[in-house]
1. By average Cβ neighbour count within 10 Å, what is the ranking of 360-369, 98-107 from highest down?
2. Kindly put 256, 334, 159 in sequence by how many other C-beta atoms sit within 10 Å of each C-beta, fewest to most.
3. Which ordering of 261, 90 is given by a fewest-first count of other beta-carbon atoms within 10 Å?
4. Among 48, 93, 143, which comes first, second and so on when ranked by fewest other beta-carbon atoms within 10 Å?
5. Counting only residues 5 or more places away or on other chains, whose amide H sits under 5 Å from the amide H of residue 94 once H atoms are built in the peptide plane?
6. In nm, what is the difference between 0.36 nm times the number of residues separating residue 310 and residue 279 and their Cα-Cα distance?
7. Give me the extension gain from residue 372 to residue 76: residue separation times 0.36 nm, minus the current Cα-Cα distance, reported in nm with one decimal.
8. What order, most packed first, do the peptides 276-285, 37-46, 108-117, 380-389 have when packing is the mean number of other Cβ atoms within 10 Å of each residue?
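Only the coordinates and a few stated rules stand behind these numbers; no lab work does. Please read these numbers as outputs of a predicted model, since none were measured by experiment. Note: ideal-geometry Cβ built from the backbone for every residue, glycine included; neighbour counts use all protein chains shown.
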Amino acid sequence: MPSADPAPPTLEQLCAAKEIVVSTGSGGVGKTTTAAAIGAVAAINLGMKVLVLTVDPARRLASALGLERFGNVETRVPDAAFAELGVEAEGEMWVAMLDTKQSWDDLVRLHAPDADTREAILENPLYQNITGRFIGSHDYVAMERLYEIHNSGEYDLIVVDTPPTRNAIDFLDAPERMAEFFSSPLLRWLITPYRSRVFSFAAKPFYSVADRILGSQFLKDIAEFFMLFQTMYDGFVERAEAVTALLGGPQTTFVVVSTLETAPSRETEFFLRVLAERNYHVGALVLNKVLPRVLLDAGGTKAARKLTHESSELAPGIAGQLDPPGDDVGRLGVVLEEMGRNFLNYQTVARREAEQQSEISLAPDLVLRVPYFDQDIHSLRGLLDLGERIWR
C-alpha cells in the first residue's frame, strides 16, 4: 500500500528546525511586523528563547511589545505583557534594535590587535563620521551583530528584520564588500603618501589639489584611520567568510514577505531569484493583505450578479423577512445592487492577485496568505493574531 503524501510544511516546523529566520521584502509590505509576530508565537508555542533583531525598525514596535524603547542591548518582553492578554508564554521573547555606532565600537574592540591600536581608532577624529557614513557600514555591522549573537548561543531562535529588498542585497553582500574595500587599490593609493615619503609622480597633482581643498590634516586623519583599520583586515576577512557561511548554512532560512500588488510582487520575484542563485534556503513566502478566496467562488459570482441585476425583484421578499419588516423597499433594492457590484469589483482584484501569485514562479512550498486586518497592527495582541494566522 503506497504511503500517504507527507503533510505540507508549516511555519511552526520551520522555526523548530532552524536557528535563524531572516524576514525580508519590499518596504511597506509588513516584514518588520511579520518578524515580530513570528518571534512572539515562537516564544509562546515552542518554549524557545527567541530574539527579534530589527535592522530596519518601525518605532512603534516598542510600544506594540509593551516596552518604552529598546536598543542595541537585548531587552526582554515582560511575561506580564503576555499575561494581560490571557497568554502564557512557554519561552522568552527578546528584542534588539541595531545601534550602528555602538556596534562599530564593539567591533573595533573585538578586532583591534592591541590596546593602543584600539584606542587610536576610537579616538580618531574622523572615526564617528566615517563609520556613520561609510557605504555599507550599517549593513556590515548588522551582519557582524547577527554573527556575534548567534555565536554566543544565548538564543534558540533569532528572527532578523532586514532593510527593504534592494537594500537587502547590500545587507547580504556587506561582509565580502567590506573585506574587499580594506584591501582595495584605491585605499592603498590613498594611504601610500603617509606610509612613505616616496610615491608616484602621477599621484602628486591629486594630493596637491586635495591638500588645498580639504587641508593636509584632513587627508592625514583619513589615512591614519584606514592604516589603523587595515591592522584588523585578517579579522574582517575571517568574519566575512564565517557570516556568509552562516547565511547559507542549514541553520538559516529566509521568509520573504510581500503583497500581491505589482511592484512588490516583482521585487519578490527578483529577490527569490537572488536567494536561489546563492543557494540560500527560502522557507516561506508570506503574502500580506490578500483578499479572501471566497471572492473567486463561482457560486459567489452567480449570487452577486443576481443581486446586481435583480435587486428590485429581490428587495420585497428580503424586506418582509426583516425584524421588524423593512418598509423602504426601494432603498433596500439600491443597497442590494451595490453589494453585488462591490463583490464583483473585489472579485476582479482577487483574480488579479491570483494571477500575480501564479507568476511568482520560484515560490517555496510554504506560501502563507494573510488577509486584510481591520486596522494596523500596533499592539502585542495584533502581533499574536497575525502570528497565529500563519503559524500552523
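1. Working: 360-369: 16.0, 98-107: 18.1.
In decreasing order of mean packing, 360-369, 98-107 become 98-107, 360-369.
2. Ordered by Cβ neighbours within 10 Å, fewest first: 334, 159, 256.
3. Values: 261 16, 90 11.
Exposure proxy ranking, most exposed first: 90, 261.
4. Values: 48 21, 93 29, 143 26.
By the 10 Å Cβ count, ascending, the order reads 48, 143, 93.
5. So residue 94 has HN proximity to 50, 51, 52, 77.
6. On the way: separation 31, 0.36 × 31 = 11.16 nm, distance 5.62 nm.
Full extension from residue 310 to residue 279 adds 5.5 nm.
7. On the way: separation 296, 0.36 × 296 = 106.56 nm, distance 2.95 nm.
Here the answer is 103.6 nm.
8. Details: 276-285: 16.2, 37-46: 25.3, 108-117: 14.3, 380-389: 18.8.
In decreasing order of mean packing, 276-285, 37-46, 108-117, 380-389 become 37-46, 380-389, 276-285, 108-117.
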